[in-house]
1. Show the residue pairs that are 6+ apart or on different chains and have beta-carbon atoms under 6 Å apart, the first residue being within the range 292-303 and more than 11 Å from Lys224 (Cα to Cα), the second being at pLDDT 85 or above and of a type in the set (Lys, Arg).
2. Among the listed residues Arg47, Arg70, Arg155, which satisfies the condition of being at pLDDT below 95 and under 25 Å from Gly25 (Cα atoms)?
3. Have a look at Thr201, Thr244, Thr225 and point out the one that is at pLDDT 75 or above, of a type in the set (Ser, Thr, Tyr) and farther than 23 Å from His280 by Cβ.
4. Consider Leu77 carefully, then state whether it is at pLDDT below 95 and part of a loop (DSSP other than H, G, I, E, B).
5. So which of Ser269, Ser290 ends up being of a type in the set (S, T, N, Q) and either surrounded by 15 or more Cβ atoms within 10 Å (Cβ to Cβ) or at positive phi (or both)?
6. Any residue that is surrounded by fewer than 13 Cβ atoms within 10 Å (Cβ to Cβ), closer than 25 Å to Val144 by Cβ and either under 31 Å from the mean Cα position of the chain (by Cα) or at pLDDT 95 or above (or both) - is there at least one of those in the range 24-44?
7. Within the range 6-15, does at least one residue satisfy the condition of being farther than 21 Å from Glu139 by Cβ, at pLDDT below 90 and β-branched (Val, Ile, Thr)?
8. When the range 99-145 is examined, which residues are found to be without any contact (Cβ under 8 Å) to a residue 60 or more places away in the chain and hydroxyl-bearing (Ser, Thr, Tyr)?
Amino acid sequence: MPKNIDVKKMSITSNDKNLEGMKRGIFDAPITRAGAVWELCLPISVRKIPNARQRLIAALESSIQSQPARLRSDAELQDDQKKALEKITAQLAAFMESVGCPADRHMYAAIWLRMLREAGCAVDHSAYQRLGEWRLQREAQGAVVFVNTSEELERLKVSPKGNKLAAYSVEELLLGAIKSSRLWPYNKNWQLHIEPRLATTSSNLTVTKKAPSAKKRNSRPKRKTLDDYKQACGAGVIENLLKTLHKESRSERNFVISQGGDHFITELSASDLLVELRRHQPRALTGADSTLRKAFAAFLSMPRGRPPKKVPVPKKHR
């Protein structure tokens with residue numbers, strides 16, 4: 001769900017005071033498409049090559065523009081790496097064209113990560129690990145969200161505190177469903193924002209004592225009345241069941257014993273008792289089996305817990 005952030009408190013990444021004094025990484029500012037391929041698709045062994053960054057980013061940009069000659073002729077890349085990068089740049093170029101994303105588009109690495117995944121490009125496994133480490137560092141200071149200043153008017157919310165502008169978390173931009181069209185979120189101008197955590201001091205803390213509750217704790221639930229059972233199971237079902245229990249208590253089978261009035265006890269479980277009543281008085285009972293099991297509680301005291309498992313009697317071998 002989108003968050004709501006006060007527009008007056010919103011700040012651009014480059015001027016965000018929450019990021020001052022912290023070492024900036026690739027996820028803190030927008031980068032180019034070739035820079036995204038360099039940072040997110042290349043393994044760390046290649047990115048550690050001295051003086052290779054500027055040269056390979058230029059070669060990747062040329063490959064995205066369907067000119068892979070510089071990438072193929074690079075002496076420090078292996079043949080399988082060249083083929084993989086040429087495939088990635090071709091997939092990225094085709095996807096950007098399909099969604100109408102400009103070639104000079106600068107976006108945050110988290111959004112490039114989404115585009116590379118949707119384009120079918122192979123992303124280096126360390127990219128997600130670095131994203132997680134970056135989030136841990138930034139979230140130590142506050143909630144990490146992306147704010148879109150050109151959000152549609154219907155997403156703007158007005159409250160007594162001022163205008164509220166919709167903001168999105170990292171997960172929503174990286175994995176969230178498409179909001180408006182296939183161009184989302186690539187057609188929006190995002191700004192990284194860290195919403196500071198509320199600082200609590202002893203001066204502004206107020207202790208309020210809760211009034212003692214009049215309701216007793218662990219109070220037993222109210223016992224259901226006969227009218228409650230009639231309403232839940234049906235008056236006809238309850239009346240026929242009561243007649244059946246009275247008749248069965250007067251029989252010699254003794255699996256229903258009268259305790260006086262309309263109260264009975266039995267040693268059978270609800271399922272076993274229902275089987276016996278259906279067998280001996282098939283026309284007396286009305287209602288479904290599940291309804292009758294509920295209705296038993298209105299008149300019967302039954303053993304609690306699960307019935308013991310029936311142990312089969314071993315047969316003697318002759």
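1. Partner pairs satisfying both residue conditions: none exist.
2. Arg47
3. Thr225
4. yes
5. When all the criteria are applied, what remains is Ser269.
6. There is at least one residue in the range 24-44 that is surrounded by fewer than 13 Cβ atoms within 10 Å (Cβ to Cβ), closer than 25 Å to Val144 by Cβ and either under 31 Å from the mean Cα position of the chain (by Cα) or at pLDDT 95 or above (or both).
7. Yes, because at least one residue in the range 6-15 is farther than 21 Å from Glu139 by Cβ, at pLDDT below 90 and β-branched (Val, Ile, Thr).
8. The one that is without any contact (Cβ under 8 Å) to a residue 60 or more places away in the chain and hydroxyl-bearing (Ser, Thr, Tyr): Tyr128.
The values are calculated or read from the model by the stated rules, or taken from the named source; none is laboratory data. On a predicted model such as this, the values are computed, not experimentally measured, just so you know. Neighbour counts are summed over all protein chains in view; Cβ atoms, including those assigned to glycine, are modelled from backbone coordinates with ideal geometry.
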